[in-house]
Amino acid sequence: MLRRRFISLGVVPLAAMLGACSPAAKTSQAPASSGAAKKPVTFAEIAAYQGADRQQMLEEGAKQEGTLTWYTTIAGDVLDAEIKAFEQKYPYVKVQLFRTDTVPLQTKLIEEAKSKKYVADVTETGQDQALVLRDELKVLQPWFSPIIKTRQPSGLSPTGDGMTYWILDSESYVGFAYNTNAIPESAVPKTWKDILNPALKGKMQVSGTSTGVTWTGNLISNQGEAFVQQVAKQQDIKVQQISGKALNDLVASGEVAASPAIYRDHAQQSMEKGAPVKWVPLDPVTTGPYAVAVVNAFPHPHAGMLFADFLASEDGGKIMSNYHYGSSANEAGFVRWRAAEGLSATQYEQKFNQWQDTFQKLFVQK
């Protein structure tokens, strides 16, 4: 189901790569326990451990490991803020960061599983991508955290034994961002149909990553394919093969006038730095919940579990909020559209592939 995702990378098809690369199939999970229990040894036992001495056990192990590696598709200054806060809390652990887009993150995890040279400990990516990591790539490890007990089932991927594949910790919003020196207020859209305004022709760009694809999916799902075709034909929207964060920076500098697919947190961070940028929501707003998960055979399980706990905790959530990420528990002030809501990984992949086909045909290959 990942054919479209890997076209530009030229990698081996998914089925051929995954043959026997999932350690989860060979590793049994430790049973839950309510008090101090037999000391866990394997990565699966450490991830599943629910003993009363769990925190002490994780800290002692993390002191020996001294490091962990975090794979994420989130971008921006919030990453440094999360790492700084965690390292202040646990000064004996250093976080190695690998920030990338969806396709290279999936590719690296597949390659690590295939070669059995594991690097990643913790992932934080969109819930839609977490579905793929769980169901198709099968690289996620079920884990326990006390935080699970504080969350609604909709914020988890429960396994039925007190554990989860992920915990949703925050969400981002994608809308219309523009440089106030380049776009007059009279041309700023209030609805999706307003992006057909002739005053915006040739002035909008979108990211060529999954951000652009999901933007197309929003339009197809909520405005119809005919509307997407009209936008492509009439507005001359260009595609930049850069991240959404990098495109926001171009809008902030004035090199790009506007984009209909910019993350609110990126735009607001630019505004706080004095950039002439504004962001407006266009209902329904593409909403991306972020899922914290741990990886099969993660090489630093004690430190990795501490970091996963931290990201999903109230402390980690406050940092995300400081950088303008939202929460599904709070009112957003606009209608939210979640691309993967209610879908299986297979169903989501089918839709994503369709959206990507349309995006390539109408915007990239025009």
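The values are calculated or read from the model by the stated rules, or taken from the named source; none is laboratory data. Worth saying up front: this structure is predicted, and the values here are computed from it rather than measured. Neighbour counts run over all protein chains shown; Cβ positions are idealised from the backbone, glycine included.
Tallying residues that are free of Cβ contacts under 8 Å to residues at least 40 places away in the same chain and among the hydroxyl-bearing types (S, T, Y) within region 270-319 yields 1.
With respect to T107, determine if the residue is touching a Leu at 6+ places or on another chain (Cβ under 8 Å), surrounded by 16 or more Cβ atoms within 10 Å (Cβ to Cβ) and closer than 18 Å to L311 by Cβ. It is false that T107 is touching a Leu at 6+ places or on another chain (Cβ under 8 Å), surrounded by 16 or more Cβ atoms within 10 Å (Cβ to Cβ) and closer than 18 Å to L311 by Cβ. Among the residues of region 205-228, those identified as buried (at least 20 other Cβ atoms within 10 Å of the Cβ), closer than 18 Å to Y173 by Cα and among the hydrophobic types (A, V, I, L, M, F, W, C) are V206, V213, W215, L219. Within the set Q127, Q96, the sole residue that is farther than 20 Å from T67 by Cβ and in contact with a Phe, Trp or Tyr (Cβ under 8 Å, 6 or more places away or on another chain) turns out to be Q127.
Considering region 217-325, the qualifying helices (runs of 4 or more DSSP H), each wholly inside and each with 1 or more residues that are touching a strand residue (DSSP E or B) at 6+ places or on another chain (Cβ under 9 Å) and within 30 Å of V122 (Cβ to Cβ), run over 244-253, 264-272, 301-312, 314-322. The single condition among (1) at pLDDT 95 or above; (2) under 23 Å from the mean Cα position of the chain (by Cα); (3) not β-branched (V, I, T) that D101 does not satisfy is (1).
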